[in-house]
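See structure below.
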Amino acid sequence: MKEGQALMVRREAYVAPSHFIDTVELTFDLDPVKTRVLNRMRVRRNTDLPAQALRLDGEDLTLARVMVNGQGTSFKMDGNQLVLENLPADGESFELEIFTTCAPLKNTKLMGLYVSNDSFFTQCEAEGFRRITYFLDRPDVMASYTVTLRADKAKYPVLLSNGNLVEQGPLDDGRHFAKWVDPHRKPCYLFALVAGQLVSREQRIMSRAGKEHTLQVYVRPGDLDKTEHAMNSLMHSVAWDEARFGLPLDLERFMIVATSDFNMGAMENKGLNIFNTKYVLASQATATDTDFSNIESVVGHEYFHNWTGNRITCRDWFQLSLKEGLTVFRDQEFSQDLCAEASARAVKRIEDVRVLRTAQFPEDAGPMAHPVRPDSYIEISNFYTVTIYEKGAEVVRMMQTLVGRDGFAKGMALYFERHDGQAVTCDDFAQAIADANPTSDLALLLPQFKRWYSQAGTPRVHAQGTYDAGARTYTLTLSQRCPPTPGQPVKEPFVIPVGFGLLAANGDDLLLELAGESHTTAGAHATRARSAGTRMLVMTQQSETRVFINIDAEPVPSLLRGFSAPVVLEFDYTDAQLLHLLRHDSDPFNRWEAGQRLAVNSALVAIKSVAASADNTWASVLNDAYIGAMREVLRHPTLDAAFKELVLTLPSETYLAEQLDVVDPQRIHAVREGMRQQLATALTADWEAIYAANQDTGAYTPDAVSSGRRALSGMALSQLCLAARVSPSAGSGRTDEWPGKTLQRFKDASNMTDRFNALAALVSSGHPLAANALAKFHAMFKDEALVIDKWFALQAGATDRGGNILPAVRQLMKHNDFSLRNPNRARSVISTYCQGNPAAFHRPDAAGYVFWSERVMELDAINPQVAARLARALDRWSKLAEPYRSAAREAITRVASKADLSKDTHEVVTRALAD
Ligand code: TRP
Ligand code: ZN
């Protein structure tokens, strides 16, 4: 650490900016080695505050000149800040001109202005604009931008920035220029420029109000045939935001540009979104169904930011979830609304909850736990987390649950009425939703509800139910507690909406009638008094009891339907009750959840059992009732393939680890693999039938129904390859029938989903045919970077070879196609191994941790954001069993003690060691 770098930024310390910047005129002379930036600003003192110096942020810049009102001026440097003290003292605005240079080619951090494949790109969120010019680099300073780009015309024929192109033309020496004016004021983190050899797919659309817009997707020449899906997703996004929230596109021109060097998924720069190629490019030959659906979500997400983030932005970075939680909620709703069938909506919800529980719950229980609105940070980039994004989205979803879908739309309308054009806080958002719904539970409980913003940690809701046959009542007691998190030893009760239903013996939902609730009450409550199906119980106390009356026989409770709150639900279900829910629950989420609980229970018994199974193969972890239930699901005549695939997918190793106090990753892996093997062997005939019944012959489309069928048939192949390992017909050896068929499938497949699933089935069964197929796959797609990423990831994530994958990973890093500088490629090998392959990573000899520490330090010198994300692989070290625990701590200590560590990585490892 360099001295003075590790300064903590605190939310409470917020003060308004000393100055405002009204207009910015930027002129770029683009050159990869040395780009010249002329920045002419109109600046005005904030007269609400006492007069003070103007301190501008800058990083890795060479300063050539500073002028005020056309005159040279005195200035000093304070660390990275340029300090101007002798400024015009009155409230009048003045012109400030700053001339700097920077070195885009040397910019390996990919923040600020950088070069990728001979083109220029920018990334300014959160604090990258200071790497382009000196500025008040904070989101509450909003300005109008005029940008002139000058560059060599042959090398950089396309010159883009935010807003509208107002002028372009030739210059001397083969150069040319383009001038862009953004009609909307914006914070500097939304600035963008792109220059290079790019081609575009273009689409003209008409808004509801009859306005014309041009949509463009820019890619490298040769990738144009992979932009149709992104363009379709963009058109759907525009239509959806207008239809669902009445929010139109406010620009004549909306551009998306793809780059293969990008730290994150994509960026919502005003009118000029910049995307990781992974979330733009797709063709049936190169992209899987998952890729197609991710593209739809991310295109939607960035587009929706145009209102939630750009028109209304964040006052400070502690409010990040104001735009991210809300925009994730919006992209989740968008993807659900695009589903034709209700069952597909449920599948999307289950997928989203799975992400929350396998990634966010561990974060909330670990050393990096932070509230949705954090109180402090060292490096803001570390707080682009699943808590800010996914848990933030759940908080917004609970608001919608509490005010209803229409009430939420009214709340959004009020939010825009009040705050359009402003930089605001999470409080402002919650207040608007509540004020638009004054009689709602949200309005009545607002201060308590906002604890979701201030308290970290995942609440645990414990439920207990008793049936009284004599009184014909069912008494439900709910209690909540939330474990301590760093800096927050004690928590106050949350407002928790609990979706609730009672199932009769025949599986039907019972009529729900609460004791003491009148049938004749006027108003909204009257309709609620006797309602079948789901009822939203809004918990506010540490412990509460509800009595349901007129219940004729003991029911089975269905709790937290639709996953109505981001909590862990504890209920002591019997297997019989879970099997009943799995068979009958009218709530598809809880139907799936029942199956997961059954599997988790069996897994935990095996993991915790004192004696390991003799050969560590865990051949009978699952009982007959569970296997019978899975068979029933597979044979079910009306359930969707996508839903079947979700039910048959066992809880992940990460999810299982979170259910344990002490984690032995090898043991968890062995037990889960045993369970997979058991399903494969016990259900072989069903998997064969499923495979045969889920072949599509028509043209490829990535819709929910056909991608569900591909997912299920892919699972069947993988199970059949596993079953072949211990097929009785071949004695203790294997039969090659299904591996052979899988190889054939791999060769014949007409789309990437089927091809990749077949390849993965061979690899994960450890069959010798896998090596041949992997080589063939590489040869087929050697020029498709995103496919080669998959090829690397499949090998780094493999669990065959007795888990001894590390030598292969080291070998992969020596491959000609490997590069540490390209984030997608680095992640495909290193993050997949360290964060997606627990049994191979957590080695008793600690070699996995040594590898991790070497890579974190190596990457830190190149790209701190990528390094800091990898650093989080050992977040949960303190839960590990020995010898893993001590070895992991040692590896983290080694990283933490490195000199000159970035503040990104420094913050992650020091927080880990404090655990
Ligand atoms: N605002 C972007 C999004 O969620 C996130 C993002 C893109 C980002 N690139 C980044 C955040 C670089 C930090 C650093 O849509
Ligand atoms: Zn976002």
(request) Report the charge-dipole magnitude of the stretch 706-814 in Debye, nearest 20, computed about the Cα centre from +1 at each Lys and Arg Cβ and -1 at each Asp and Glu Cβ. (result) 80 debye
(request) Check cross-link reach from Lys270 to the lysines: straight Cα distance under 18 Å, and skip same-chain residues fewer than eight apart. (result) Lys179, Lys186, Lys323
(request) Please state the charge dipole magnitude for the chain, taken about the Cα centre, from unit charges on C-beta atoms (+1 on K and R, -1 on D and E), reported in debye and rounded to the nearest 20. (result) 1100 debye
(request) Measure of size requested: the Rg and Dmax of the stretch 797-869, with Cα atoms as the atom set and Å as the unit; please supply both. (result) 11.7, 34
(request) Can you list which of the GluC sites (Glu not before Pro) found in the stretch 1-102 are DSSP loop residues with at most 11 other C-beta atoms within 10 Å? (result) Glu3, Glu92
(request) Would you please calculate the Kirkwood hydrodynamic radius of the stretch 767-915 over all C-alpha pairs and express it in Å, rounded to one decimal? (result) 15.8 Å
(request) Write down the accessible area per residue of the chain in Å², having rolled a 1.4 Å probe over the full set of protein chains. (result) 38 Å²
(message) Please compute the contact order of the stretch 299-360 in relative form: average sequence separation of alpha-carbon pairs under 8 Å and at least six residues apart, divided by the residue count, as a percent.
(response) 28 percent
(message) Suppose the Debye formula is applied to equal point scatterers at every Cα of the stretch 631-764; what is log10 I(q)/I(0) at q = 0.18 Å⁻¹?
(response) -1.05
(request) Over the stretch 267-347, with every protein chain in place, what whole percent of the accessible area is carbon and sulfur at 1.4 Å, could you tell me? (result) 51 percent
(message) Suppose a student asked you for the relative contact order of the stretch 399-538, using Cα pairs under 8 Å spaced at least 6 residues apart; what percent would you report?
(response) 16 percent
(message) If I take R0 = 45 Å and measure r between the Cβ atoms of Glu688 and Asn164 in this structure, what FRET efficiency does the formula 1/(1 + (r/R0)^6) give, to the nearest 0.05?
(response) 0.15
(request) With the full set of protein chains in place, find how many percent of the accessible area of the stretch 121-160 is carbon and sulfur; take the probe as 1.4 Å. (result) 44 percent
(message) Would you calculate the convex hull of the Cα atoms in the chain and tell me its volume per residue in Å³?
(response) 173 Å³
(request) Compute the distribution of all C-alpha to C-alpha distances in the stretch 213-296, in bins of 5 Å from 0, and list the percent of pairs in each, rounded to whole numbers. (result) 3, 14, 25, 26, 19, 9, 3, 0
(request) Calculate the radius of gyration of the Cα atoms of the stretch 833-903 to one decimal place, then report Dmax, the largest Cα-Cα distance, as a whole number, both in Å. (result) 11.5, 33
(message) Quick check of the Kirkwood formula: for the stretch 732-828, what is the inverse mean of 1/r over all pairs of different Cα atoms, in Å?
(response) 14.0 Å
(request) May I ask for the distance between the Cα centers of the stretch 122-151 and the stretch 447-471, given as a whole number of Å? (result) 45 Å
(message) At a threshold of 8 angstrom on Cα-Cα distance, excluding pairs fewer than six apart, so keeping six or more, what relative contact order does the stretch 264-319 reach in percent?
(response) 34 percent
(request) About the Cα centre of the stretch 653-724, how large is the charge dipole given +1 on each Lys and Arg Cβ and -1 on each Asp and Glu Cβ? Please answer in debye to the nearest 20. (result) 160 debye
(message) Between the stretch 853-871 and the stretch 227-243, how far is it from one alpha carbon centroid to the other, in angstrom?
(response) 36 Å
(message) Suppose the chain between Val199 and Asn623 were pulled fully straight at 0.36 nm per residue; how much longer would it get relative to their current alpha carbon spacing?
(response) 146.9 nm
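The values are calculated or read from the model by the stated rules, or taken from the named source; none is laboratory data. All figures in this text were calculated on a predicted structure; none of them were measured in a lab. All Cβ positions, glycine included, derive from the backbone under ideal geometry; neighbour counts span all protein chains shown. These accessible areas exclude ligands, DNA and RNA; they are computed on the full protein's heavy atoms, side chains included. Shrake-Rupley method; radii C 1.70, N 1.55, O 1.52, S 1.80 Å.
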